[in-house]
């Protein structure tokens, strides 16, 4: 039988879903347009939530995106309070998630190493 999700995991996922929808549909700031929420971690006392995001435009615009998210933070928290029923509504802290870019970079390095290895072994075969 599969293990049930803990309450904190369910709260994290619900907050992530609701914030993603709010950002997509309600936030009008153009700096926040092309982001994807990759995770939410709420502290055990529900006082703080780290909201991890990645940007479609890469790391170049992260500072501007953070400014836009922080400006929208009060609105997002208020709207989140209307949608999520928990005893304490967490303060939102936005963090850029580099894992997607880092994973892509590592994948490219692996592909390059495999290609170079294949080229070397192809050149070493006797005629």
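The values are calculated or read from the model by the stated rules, or taken from the named source; none is laboratory data. Note that the coordinates shown come from a computational prediction; the quantities given were computed from them, not determined experimentally. Positions of Cβ are generated from backbone atoms using ideal geometry, with glycine treated the same way; all protein chains shown enter the neighbour counts.
If you go through segment 72-108 and keep only what is under 24 Å from residue 8 (Cα atoms), free of Cβ contacts under 8 Å to residues at least 24 places away in the same chain and either outside any helix (DSSP H, G or I) or not assigned by TED's automatic domain parsing to the domain that holds residue 38 (or both), you end up with just 85.
Results for (1) touching a helix residue (DSSP H, G or I) at 6+ places or on another chain (Cβ under 9 Å); (2) crowded, with 17+ Cβ neighbours inside 10 Å, shown as yes or no for each residue.
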{"residue": "41", "(1), (2)": "yes, no"}
{"residue": "47", "(1), (2)": "no, no"}
{"residue": "50", "(1), (2)": "no, no"}
{"residue": "60", "(1), (2)": "no, no"}
{"residue": "71", "(1), (2)": "yes, no"}
{"residue": "76", "(1), (2)": "yes, yes"}
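Looking across segment 49-61, the residues that are outside any loop (DSSP other than H, G, I, E, B) and farther than 11 Å from residue 31 by Cα come down to 49, 50, 51, 52, 53, 54, 59, 60.
Of the residues 118, 64, which is assigned to a helix (DSSP H, G or I), at pLDDT 90 or above and more than 22 Å from residue 17 (Cβ to Cβ)? Show your work before the answer.
On the way: 118 fails: at pLDDT 90 or above.
That would be 64, the only listed residue that is assigned to a helix (DSSP H, G or I), at pLDDT 90 or above and more than 22 Å from residue 17 (Cβ to Cβ).
Please verify whether residue 69 is part of a helix (DSSP H, G or I), assigned by TED's automatic domain parsing to the domain that holds residue 30, touching a strand residue (DSSP E or B) at 6+ places or on another chain (Cβ under 6 Å) and touching a residue at least 24 places away in the same chain (Cβ under 8 Å), treating the condition exactly as stated. So residue 69 passes the test. Within segment 88-106, being surrounded by fewer than 16 Cβ atoms within 10 Å (Cβ to Cβ) and under 19 Å from the mean Cα position of the chain (by Cα) holds for 91, 93, 95, 98, 99, 100, 101, 102, 103, 104, 105, 106.
Answer yes or no as to whether residue 85 is farther than 30 Å from residue 104 by Cβ, loosely packed, with under 14 Cβ neighbours inside 10 Å and at pLDDT below 95.
Here the answer is yes, as residue 85 does meet what is asked.
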